[in-house]
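For reference, the structure is listed below as structure tokens.
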Amino acid sequence: RPRPRPHSRTMPPPALRPSPSSALLLLLLAAVPASRACSDTCPPLNDVGLPVPSLCAGSRPPADVLARVHDACLPVSRPLALAEFRGAGRVTVLSNVYVGCNAGRREAAVFAHVGQRYYDRHPGRVAFVSSLKGGTSCTRFPQMYVRDTPDLYPEESRDVTPKEMPIVVDDDDYTLRDDFFTPPFGHPSYVVLDGELTVRHKFTGPCCGIEDYYSCSNDDALALDATISGYVDAILAETPAETAPAETGAPSVGSPAVPAESTGAPSAASPCETGAWSAWSPCSLVCRDADGDAGVQFRTRTVTDRRAVAGRCPKVSTVRECREEVPACDATGYEAPGPQCVPEFGTSRTVAAASGGFDDPRDVAFHPAPGTHLGAYSEGREYPADKGEEAWVLNGGNHSVSIVAGMGTKGQTTMSRRDRGYYHYMIEATALAFNSVRNSGREADRDSFGYWAVCNDNLNTYLDTKEPNYFMGPTLYNSDPSGGNTVNGAGRPCGPADECFLLHSDMLHEAPGCIGIAHDPETATAFGNVYWAFDSTGDRVDGQLVRFDFQQPHGPGSMDHSVASVRRYPEVKLKRGPPGVHAGMVVHPTRRELFVAVPGAGTVLAMGVDSGAFARTARAEYPIFSNRLPSFEYSIWECAETRVFAAGLATPSGLALSADGERLFVAEHATGVLHTFEVASGALLATLATGRTSIGGLAVSDVSRRLHFVDRDTHTLNVVAASAPCPAPYASRASAAFAAAVRNATAELGAGFSLRLDGGCAVDTVVPDFSLFEQVHADTGYASNDTDVQGAAGMDADAALLAGRTDCAADSDLNFDALLLGGVYCHVC
């Protein structure tokens, strides 16, 4: 691969010294005690000593938090909202535990026993709810605490066996955690809610901070019983039993001791009443192509849930490949007229440069709120903040991003910026994606609208001065500079006339050689920081798809990587193209499908982003990762629904959806050809030769709805502009009758209806080895191979002691990642 270029002459390096803000960071890190994660302080303090907004004792959770629907998997599988536990005289206790946490496992048995005891003594008044996350089957982890209960309660366990309690929530989106136990509040931890669902108590458990399972004695763990009992009894006493509600929102009877892994088959003990199957729907495509494909068809039935044990009822729908008599496409005349006319190309069009002077441009994206970053004045220049659009072009040559402000206006101008530590955070960045989801419903202080992430096509070589250590992945930024996200060369706040540098908001390190990235427009998570990435290194044979949820970003100045969720999909095999070739990725917002260009295979894949299931931890098979704490999830997911959407392409690179989501544009890197596919059917609608020979990323403007692309050889951003509109809509290969059947089934059956093919894939879940997890949060997040500065969970403040080292050889043990943690952005090496 080509050697990365050094600093651009137009962008000199920052000052060669640690900044004052870095010195403050080190001071604060040194002042944070090793047990801070077990503090009951609320709101909790992050690793630089700043409070994090959280629900604390006395807080009334917002209505949307209480109405949020969670996936309860035990004792029965059902949707659950905390609002159903509201009522005078009631008490709800929440627990926050992670798979991989010895302390949480130790206390989970106590929580289960106490919950069942109160359920038995005060039927209809008490509910215990556990948030389970971190990677496991929802039934496997409860098996452990049911098994452990007799050791803690040898006498009582014969009369009190966890069955109805606790209710276990499969919190794989971490919403229950983020709503009530916002990190860095410690774990295991608990919240007690009264009948009005006000937070009355919030505390960490007695085993918090104890590393070994058996180091927390029975007496230690049983202290949790006394604490919870005291709080619950006091609240129950506030409402006499005779005035307490008779009906409850409590779950049906069930037993997690013998969980029923979902086979779809009802039993006498857990009846699920099923109706007759409907007739098969029309096929999804109006004609059968040369390969015989006519799409899929489905049938449905009603299912009434009357279960009283764990497990799931049979599915309400089933899907198969089309078996009906469907005419061949050429017989219908569908393909006879030749290429279709699509609105973006029209019957005639121009392809022209919209801006130039970039340095090996790799990707382009439009900022969803132009003017947010630059404003009207920055670095001594004026910008048309309220006019035109704003394109962000990623430069692989000088590791920067160029902001084209006021695009299409007389005041159009370009400003380039890069990270102050670009050699790690923005090195050979090859893909860029914005969070463009407006009105997501998230709380204002959590909504990450306008955040953006880059993918770095590098193995962490620090401009080829170090041997690759593969500690590399996507970097997250906040485009709003008001949050301290830009600094000058000395690390101080960037003034109006200063040259400004970016400060990252977070980074994860599980996708070296990353060449593609897409934001997931989901609205389920608390922060909206889910991105999908193309890890070209994978298992060193095939590249792999990786899902990154940054969750709560650590923010500028912090290095804590302990709060995140990373999921690998080894079954989604990817192959990169030549060095520097971008791999387009985009998530369809309504179909919930991820489209991925695979340059080395000549294909575009489509994957259901909500499909798949946890299989096992990734920590053993992929030992380079950001943090060893249980709050950092690193897992392998299997059985994701994946298909080949298009094949036979010549090094596909950029991808973009049309503004209405009906068409997918695919660029061929070297041929300069742009293909247009119908999303619903996969039919090739149109092909356009641009005359370019090195196309990278594509983007469609939200305002003009024009297609844009970058070209590496000419260093330009280009626009395709239709000069004559299409005389009529193109002929769709998608069946209108099938679409109507889907709408009707969705309206009748709701979320239970699915169009996933019945492939028979089953995941054999493996409980993680607890030795792969560090238990005590004493340090922050960077990996290091230098034991002098390697803390148990990551790097500590002593990393600054490396600043005076001069052993600069590429194979020396001087760890540059550790230098960054110490605030040393520039160093003699």
* Asked: Share of the stretch 38-94's accessible area from carbon and sulfur, percent, 1.4 Å?
  -> 62
* Where nothing but the Cβ of Lys and Arg (+1) and of Asp and Glu (-1) is charged, how large is the charge dipole of the stretch 627-757 around its Cα centre, in debye to the nearest 20? -> 120
* **R0 of 30 Å, Cβ-Cβ distance SER482-ALA63: FRET efficiency to nearest 0.05** => 0.55
* **Length-normalised contact order of the chain in % [C-alpha pairs under 8 Å, at least 6 apart]** => 14
* Where does the chain land at 222 nm, in deg cm²/dmol rounded to the nearest 500, when only DSSP H runs of n ≥ 4 count, each adding -39500 (n - 2.57), divided by all residues? -> -3500 deg cm²/dmol
* Asked: Which helices of the chain meet both criteria: a Cα extent of 18 Å or more along the helical axis and a mean Kyte-Doolittle score no lower than -0.5, with helices taken as whole DSSP H segments?
  -> 218-237, 736-749
* Cα principal axis extents for the stretch 338-453, largest first, Å -> 50, 38, 30
* If you add up the charges near ALA352, with Lys and Arg at +1 and Asp and Glu at -1, over every other residue whose beta carbon is less than 12 angstrom from its beta carbon, what do you get? -> +2
* For the stretch 592-636, run through the GluC sites (Glu not before Pro) and keep only the ones in DSSP coil with at most 13 other Cβ atoms within 10 Å of their Cβ. => GLU621
* Structure fact -> Sorted list, accessible surface of protein heavy atoms, 1.4 Å probe, largest first, for TYR214, TYR231, TYR569, TYR377 is TYR214, TYR377, TYR231, TYR569
* To do: Label the stretch 685-773 by shape, choosing from rounded, prolate and oblate, from the square roots a ≥ b ≥ c of the eigenvalues of the Cα gyration tensor; if a/c is under 1.5 it is rounded, and otherwise prolate applies when a/b is larger than b/c, oblate when it is not.
  => oblate
* Along each of its three principal axes, how wide is the spread of alpha-carbon positions in the chain, in whole angstrom units, largest first? -> 81, 76, 47
* To do: Please arrange ARG90, ARG417 by accessible surface area, largest first, computed with a 1.4 Å probe and ligands excluded.
  => ARG90, ARG417
* **Cβ-defined net charge surrounding VAL342, 13 Å radius [Lys, Arg +1; Asp, Glu -1]** => 0
* **Computed over the stretch 496-553: relative contact order in percent, which uses C-alpha pairs under 8 Å that are six or more apart** => 31
* Asked: What shape does the stretch 71-157 take by its C-alpha gyration tensor, where a ≥ b ≥ c are the square roots of the eigenvalues and a/c under 1.5 counts as rounded, a/b above b/c as prolate, and the rest as oblate?
  -> oblate
* Excluding GLY538 itself, what net charge comes from residues whose Cβ is under 12 Å from its Cβ, given Lys and Arg +1 and Asp and Glu -1? -> -1
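The values are calculated or read from the model by the stated rules, or taken from the named source; none is laboratory data. Please read these numbers as outputs of a predicted model, since none were measured by experiment. Note that we place each Cβ from the backbone using ideal geometry, even for glycine, and neighbour counts take in every protein chain shown. Remember, those area values only see protein heavy atoms, side chains included, never the ligands or the DNA or RNA. Shrake-Rupley method; radii C 1.70, N 1.55, O 1.52, S 1.80 Å.
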